[in-house]
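Shown next, in structure tokens, is the structure this report addresses.
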Amino acid sequence: MKKQHLIIFFGFIISFLVVDRLSSFFLNSLLNKSTLPHAKLYAGNGQTKIMILGNSRGYRSFDENYFSKITKRKTINYSLLGASMQIHEIIIKDYLDIYNEYPKVILIELSSLTEGGNDAIKEFRVYGYKSKRVSKFVKNIYPKIYYGGKVSNLFQFNNSTFFNAIQKIFIPYEFKPLKGVMNSLIDINTINKNTFNINNDYYDENIKSLNRIINLCEEKNIKLYLIIAPYYPERLKFEENEYNLWVKKTNENIKNIPIIDFSMNIKNIRYFHDWKHINKDGVQLFNKILFDNLLYKDFL
Amino acid sequence: MNNEKKKENKKKFMYLSIFLNAGIFFIFKYLNFFIDSLYLVLDNLNFSLNKNTFNIILPIGISFFTFQKLSYIFDLYNRKCNVEKNYIIFSSYVSLFPQLIAGPIVRAKKLLPQLNKKIKFILSKFIDGLILVFWGFFLKLCLADTLSVFVDPCFDNTTSFGSISLLLGSIFFSFQLYGDFAGYSLIAIGLGKMMGFDFGINFNSPYFADSIRNFWQRWHISLSTWFRDYVYIPLGGNRNGVLNRYKYVLITMSLAGLWHGANLTFLIWGLIHAIMLIIEDSFSIFFKFKQDNSFFKLIKIIFVFLCITFALIVFRSDNLTDAIFFINKIFEFKNLFDGASVHKFYIFKGILLISVVLFTDYFTNKSKIKEKFNNNNKIRFISLLILALTISFFGTFDEVPFIYFQF
């Protein structure tokens, strides 16, 4: 190979790495300006008294503004679509590392013990730039993606979370409940009874994570609420046995902390967007039920 | 007399070679399809028989390497290339790795002389090739695979989508197919160039075509010219009057459709194109109207694109019933945006990337810009860098296989 060829080759590699790192640095600084809850958390602006965690059900079921209004305490919903309990653990630990003052209350919607998967970390990896835990988790679950991000730091920003965060620089983040009412016809053929699967490593790992969260909350004197948000009862009955087994096993596997089950509390279809998610009216009703019946007296 | 006999023998050998190659191709690719169709016909005639088909594993890239071999036979017969006596070189011609699986189909007269030459490393050619490879990866990973995230559910779960969402899904599919196939072709052409080969071009800004005929001059050029030279022209081409010409168009396009696979949808797709070509030819007087008016030209480009998109709905659907259902749902004009909101990130990203590709396609066709680009090493170096960074930032790395690998 001629000297000129080597110069061009190494020139290209060096230029790529330099531009890649500089661009990533710039994008990372943009992330600090976003109003997206997780971006605020890692930028140091996400301090809160009440922290909500969950997957899409956690994200769609709790109105943080209503919580703040009732409790007069700042509330942030750190739920992430499709998140597992292991991801919640990362978020809590990162929070405790970043902020000196701990939240008074953490509320976790429990369906992330079985539903979803660790796929959500692919979208969340944009924070791997700021969190060693996120980075390590990506490395364990998706090594190809992790090393891809090492070769090109820009690749870490190649996900919808980043683009969403950028959008939220210009349009401030606000809680948006789901609109529309679910179809009343339940197609029995589409029911695969896999929603509450407890016989797999994913569930076991999530239970371990939940127990670590419980220990941590005990240690830091944080009140922890484990909640199951409403399901549409007419549909849930098709998986009733699996659901009951799931609740039973979870109760057995976690330390002395009760599960507050609202799964059957809302029965009218008009409050549901689909069988797993309540809609705008459903959120209003559910949050009222939550405070009226259970949390208000002794919440903080 | 001797010459006549020689000619006769030559013809016999050509037919024998065609029979052998096309026969193998037919058995692997179409036998089960014809058996299925036969059973269907018999079933409709109330002959109930036990259905038996063969368990055939389709060799990868069979459509492409069969056509490479046929091209050699035709070129040899027409004295456009010499007999290749070196088996290694002939095998390399048939199975040259960059274009083995999904083309482009390179003619014997073009590739064999290159294989017989000593290959020399030329840096500028290597960089040219690298740029094509990177642009190919951009088209595949950024454009095609991003669009597939929205396109696949549109076609797999049509009932959940509204009219506008499905229209957008079908438009996205047109670009997905372009990104996927042009992407692969460019990677193959670029790799060839890096090794010192020139495969020619396979796509030339096809969605800027202002007529269906023009589209086929820009889309999968190696296949369309293959069918033109080895099927349409030998059938009679433009020589035997208008009606015969249309008949040849129907035959050629049906075969081109079936080349993509043993499915009625591909055949119908080919026929739709044939019908569009015939209608266009019949009304060519109107299409020539106001050629220089750029607004009118833009309207024509959009119209042609929509016609192609409409035909591609049939191409992408699993069967005709699904295709009709999809088209009906578009024209229902109900629940317009249903199903789109979940994919809004990919829709936004898709529209952005489509704009980039159209912009690039438009400007690379301008000769002045092309000249400037080819003569300026700094610009080429920077382009390569930008492409690499863009792929990293925008690429969808879900390991979606190339669509044309199935052909």
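The values are calculated or read from the model by the stated rules, or taken from the named source; none is laboratory data. None of the values given here were measured: they were computed from a predicted structure. For neighbour counting, all protein chains shown are included, and Cβ atoms are generated from backbone atoms with ideal geometry for every residue, glycine included. Just the protein is used for accessible areas: all its heavy atoms, side chains included, with ligands, DNA and RNA removed. Shrake-Rupley method; radii C 1.70, N 1.55, O 1.52, S 1.80 Å.
Computed quantities for the displayed model
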quantity: Out of A:I207, A:I213, sole residue that is open to solvent by 10 Å² or more (accessible area, probe 1.4 Å) and either in a helix (DSSP H, G or I) or touching a His at 6+ places or on another chain (Cβ under 8 Å) (or both); calculated: A:I207
quantity: Positions within region A:22-51 being in contact (Cβ under 8 Å) with a residue 60 or more places away in the chain and either within 11 Å of another protein chain (Cβ to nearest Cβ) or of a type in the set (S, T, N, Q) (or both), in sequence order; calculated: A:S23, A:S24, A:L27, A:N28, A:S34, A:T35
quantity: Within region B:374-393, tally of residues that are more than 11 Å from every other protein chain (Cβ to nearest Cβ) and open to solvent by less than 60 Å² (accessible area, probe 1.4 Å); calculated: 2
quantity: Qualifying residue in region B:136-143 (condition: in a loop (DSSP other than H, G, I, E, B) and at pLDDT 90 or above); calculated: no
quantity: Single condition A:L107 does not satisfy, out of (1) in a helix (DSSP H, G or I); (2) open to solvent by less than 20 Å² (accessible area, probe 1.4 Å); calculated: (1)
quantity: Failed item, numbered, when B:N157 is tested on (1) closer than 25 Å to B:I201 by Cβ; (2) within 14 Å of chain A (Cβ to nearest Cβ); (3) open to solvent by 60 Å² or more (accessible area, probe 1.4 Å); calculated: (1)
quantity: Any hit, region A:141-156, residues being more than 12 Å from chain B (Cβ to nearest Cβ), surrounded by 18 or more Cβ atoms within 10 Å (Cβ to Cβ) and at pLDDT 85 or above; calculated: yes
quantity: Total residues in region B:179-190, condition crowded, with 24+ Cβ neighbours inside 10 Å and over 22 Å from B:K109 (Cβ atoms); calculated: 7
quantity: Residue within region A:53-74 that is within 23 Å of A:K130 (Cα to Cα), assigned to a loop (DSSP other than H, G, I, E, B) and more than 14 Å from chain B (Cβ to nearest Cβ) present; calculated: yes
quantity: Matching option when the condition is within 30 Å of B:I386 (Cβ to Cβ) and either modelled with pLDDT under 90 or out of contact with any strand residue (DSSP E or B) (no Cβ under 6 Å at 6 or more places or on another chain) (or both), among A:F175, A:F196, A:F162; calculated: A:F162
quantity: Filter pass, B:K344 being part of a helix (DSSP H, G or I), within 14 Å of chain A (Cβ to nearest Cβ) and surrounded by fewer than 14 Cβ atoms within 10 Å (Cβ to Cβ); calculated: yes
quantity: Pair list, Cβ under 6 Å, 6 or more apart: region A:1-20 residue more than 10 Å from chain B (Cβ to nearest Cβ), other residue of a type in the set (A, V, I, L, M, F, W, C) and assigned to a helix (DSSP H, G or I); calculated: none
quantity: Which numbered condition A:N164 fails, given (1) in a loop (DSSP other than H, G, I, E, B); (2) under 20 Å from the mean Cα position of the chain (by Cα); calculated: (1)
quantity: Selection from region B:361-373 of residues that are in contact (Cβ under 8 Å) with a residue 12 or more places away in the chain and either within 14 Å of chain A (Cβ to nearest Cβ) or part of a helix (DSSP H, G or I) (or both); calculated: B:D361, B:Y362, B:T364
quantity: Which listed residue, of A:K176, A:K136, is closer than 26 Å to A:M85 by Cβ, under 20 Å from the mean Cα position of the chain (by Cα), free of Cβ contacts under 8 Å to residues at least 12 places away in the same chain and in a helix (DSSP H, G or I); calculated: A:K136
quantity: Region A:53-76: number of residues that are surrounded by 24 or more Cβ atoms within 10 Å (Cβ to Cβ) and touching a residue at least 40 places away in the same chain (Cβ under 8 Å); calculated: 9
quantity: Matching residues, region B:257-306, being at pLDDT below 90, under 21 Å from B:S63 (Cα atoms) and of a type in the set (A, V, I, L, M); calculated: B:L258, B:A262, B:L264
quantity: Hits in region A:126-140 (condition: open to solvent by 60 Å² or more (accessible area, probe 1.4 Å) and within 18 Å of A:E205 (Cβ to Cβ)); calculated: A:R133, A:K136, A:K139, A:N140
quantity: Exclusive hit being hydroxyl-bearing (S, T, Y) and more than 30 Å from B:S341 (Cα to Cα), set B:S160, B:S148, B:S91, B:S170; calculated: B:S91
quantity: Evaluation of A:M182 against (1) in a helix (DSSP H, G or I); (2) within 14 Å of another protein chain (Cβ to nearest Cβ); (3) touching a residue at least 60 places away in the same chain (Cβ under 8 Å) (one fails), failing number; calculated: (1)
quantity: Subset of region B:117-136 that is without any contact (Cβ under 8 Å) to a residue 12 or more places away in the chain and among the charged types (D, E, K, R) - its residue that is nearest to the other protein chains (Cβ to nearest Cβ); calculated: B:K118
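Here is a yes/no grid of residues against (1) buried (at least 18 other Cβ atoms within 10 Å of the Cβ); (2) farther than 23 Å from A:N118 by Cβ; (3) touching a helix residue (DSSP H, G or I) at 6+ places or on another chain (Cβ under 6 Å):
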{"site": "A:I7", "(1), (2), (3)": "no, yes, no"}
{"site": "A:D20", "(1), (2), (3)": "yes, yes, yes"}
{"site": "A:N28", "(1), (2), (3)": "yes, yes, yes"}
{"site": "A:L81", "(1), (2), (3)": "yes, no, yes"}
{"site": "A:E89", "(1), (2), (3)": "yes, no, yes"}
{"site": "A:Y95", "(1), (2), (3)": "yes, no, no"}
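Residue-wise test of (1) in contact (Cβ under 8 Å) with a residue 12 or more places away in the chain; (2) surrounded by fewer than 17 Cβ atoms within 10 Å (Cβ to Cβ); (3) in contact with a Cys (Cβ under 6 Å, 6 or more places away or on another chain); (4) over 24 Å from B:T66 (Cα atoms).
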{"site": "B:G192", "(1), (2), (3), (4)": "yes, no, no, no"}
{"site": "B:I212", "(1), (2), (3), (4)": "yes, no, no, yes"}
{"site": "B:L235", "(1), (2), (3), (4)": "yes, yes, no, no"}
{"site": "B:L258", "(1), (2), (3), (4)": "yes, no, no, no"}
{"site": "B:G261", "(1), (2), (3), (4)": "yes, no, no, no"}
{"site": "B:H273", "(1), (2), (3), (4)": "yes, no, no, no"}
